[in-house]
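The numbers here are math on the coordinates, done by the rules we state, and not lab data. Remember, predicted model here, so these are calculated numbers, not experimental data. Neighbour counts run over all protein chains shown; Cβ positions are idealised from the backbone, glycine included.
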């Protein structure tokens, strides 16, 4: 399959490139073993979408969408939006987010998307605001567990 300037779900052959993106964007040293294990989890869970943006069959950006079931209904969360530095400011992050939102819109009972982003990612926050995300509706708290 030719993947050029397209957003689609990542495939097993994209795992190594996904590791490179995670390292560059988040300084996350995701091991091959863990990356492969997570890929199997994604593929076996219909409520997790790991989307990629491809240029000439190479993964250059990614975002993860989770559909969660809560006591009050279903909600969506977006995690790990990242684009390789070389490909930033080309609209790739926006295309990934729009695709994730299009998936959410297929669920009639979801009326909001939670977006999680590192506090220090100020440039990303400008994009999220431009796309209509409001940082002043809810507040998330995080506790690190060893």
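From the C-alpha gyration tensor of region 1-71, pull out the three semi-axes of the equivalent ellipsoid (sqrt of 5λ each), sorted largest to smallest, in whole Å.
Numbers: eigenvalues 78, 51, 27 Å².
Equivalent ellipsoid of region 1-71: 20, 16, 12 Å, largest first.
Compute the label zone of residue 87 within region 31-65: residues whose backbone N is under 12 Å from the point 7 Å along Cα-to-Cβ.
Output list for this probe position: 51-63.
At 7 Å along Cα-to-Cβ for each site, give me the label-to-label distance between residue 121 and residue 34 in nm.
With each label placed 7 Å out from Cα toward Cβ, I get 1.7 nm.
Quick one: helix 15-26 against the long Cα principal axis of the chain, what's the angle to the nearest 10°, folded into 0 to 90?
Around 60 degrees separate the two axes.
Rounded to two decimals, what is the ratio between the C-alpha radius of gyration of the chain and 2.2 N^0.38 Å? Walk me through the numbers on the way to the answer.
Details: Rg = 15.1 Å, N = 146, 2.2 N^0.38 = 14.6 Å.
Computed over Cα atoms of the chain, the ratio equals 1.03.
In region 85-128, what is the volume of the convex hull around the alpha carbon atoms, normalised per residue and reported in Å³? Intermediate values should be presented prior to the final figure.
Working: hull volume 3.3 nm³, N = 44.
Convex hull volume per residue, Cα atoms: 75 Å³.
Would you please put 131-138, 37-44, 75-82 in order of how densely packed they are, using the mean number of other Cβ atoms within 10 angstrom per residue and starting with the highest? All intermediate terms of the calculation are to be shown ahead of the outcome.
Working: 131-138: 9.9, 37-44: 12.8, 75-82: 20.5.
So the order, starting with the most tightly packed, is 75-82, 37-44, 131-138.
Per DSSP H run of at least 4 residues, take -39500 (n - 2.57); add these up for the chain, divide by its residues and hand me the 222 nm value, nearest 500 deg cm²/dmol. Intermediate results must be reported in sequence, preceding the final value.
On the way: 4 runs with 47 residues, N = 146.
Here the helix-only value at 222 nm equals -10000 deg cm²/dmol.
Dividing the alpha-carbon radius of gyration of region 27-104 by 2.2 N^0.38 Å (N being the number of residues), what value is obtained? Don't skip to the end; give the middle numbers.
Details: Rg = 13.7 Å, N = 78, 2.2 N^0.38 = 11.5 Å.
Relative to the rule-of-thumb radius for its length, region 27-104 sits at 1.19.
What is the spin-label model distance, in nm, from residue 143 to residue 16 if the labels are put 7 Å beyond Cα along the C-beta direction?
So the label points at residue 143 and residue 16 sit 4.1 nm apart.
Order these peptides, 91-100, 21-30, by their mean beta-carbon neighbour count within 10 angstrom, highest first. Could the numbers behind the result be given before it?
On the way: 91-100: 19.1, 21-30: 14.4.
In descending order of packing, they fall as 91-100, 21-30.
Please report how far the C-alpha centroid of region 1-74 lies from that of region 88-110, rounded to the nearest whole angstrom.
14
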